[in-house]
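Reading through the structure tokens given below for one structure.
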Amino acid sequence: MSLSKECSVSECSNRVVARNTCAKHYWRLSKYGSTEDTPRTMPEEDKFWHHTDKLSDDECWEWKAYISPDGYGKFKSTHGQLAHRYSFFHHNPSDDHDMSKLVMHSCDNRKCVNPNHLSLGTHKDNSGDMVKKGRQGTWEHKGSKHPRAKINEALAKNIYLAKGKYKEIAEYFNVNYSTVLDVKSGRRWRHAIEGMRRNTREFV
């Protein structure tokens, strides 16, 4: 009866199951082509760069993992959920990690995590930069001028004035419940309902 062999990976004494490796290292070899640490088990910094397309210092280093619907890379870390924030604070550890501050892109590429393209600023700084570069575009269009608008100013006013349960108002005007909530709370269409008193008309 032959003695079981130990895994060929340095400092691993687990029993060999295939290709001179233990179960753990054989799984890594099969899935990633290497017995080195997987992205899941890597230290935070190594995991970050594993998901980064790192090019020359003046080029954009694009994030290769999850991209949120608003176009930013997401990376769960001690610095938050945004990949470019992690990159900035990792390279600028002395900066204040104030969550009210934004990490801005000079390249206007939201996927970019190159620290040479990143700087810290306020919301006002970011808005000023956006206007200066002419990037406000359609997102600055209010109400019915916005390309994603589903109602207009007249309907927003009627919804705001309507008395009744939000669900009933939504059914009456054939809109989503969330639209009624946005209008009633003033979160959306504020320009259309300014100076008006809500819940003053019986529609339902």
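Scanning the range 182-204 for residues that are hydrophobic (A, V, I, L, M, F, W, C) and over 13 Å from Ile151 (Cβ atoms) returns Met196, Phe203, Val204. A single member of Asp108, Asp53 is more than 30 Å from Lys5 (Cβ to Cβ), modelled with pLDDT of 80 or more, surrounded by 13 or more Cβ atoms within 10 Å (Cβ to Cβ) and in contact with a Lys or Arg (Cβ under 6 Å, 6 or more places away or on another chain), and it is Asp53. Being at pLDDT 90 or above, crowded, with 18+ Cβ neighbours inside 10 Å and touching a strand residue (DSSP E or B) at 6+ places or on another chain (Cβ under 7 Å), is that true of even one residue in the range 175-194? No: zero hits.
The values are calculated or read from the model by the stated rules, or taken from the named source; none is laboratory data. A quick note: this is a predicted structure, and the numbers were derived from the prediction, not measured. With ideal geometry, Cβ positions are generated from the backbone for all residues, glycine too; neighbour counts draw on all protein chains shown.
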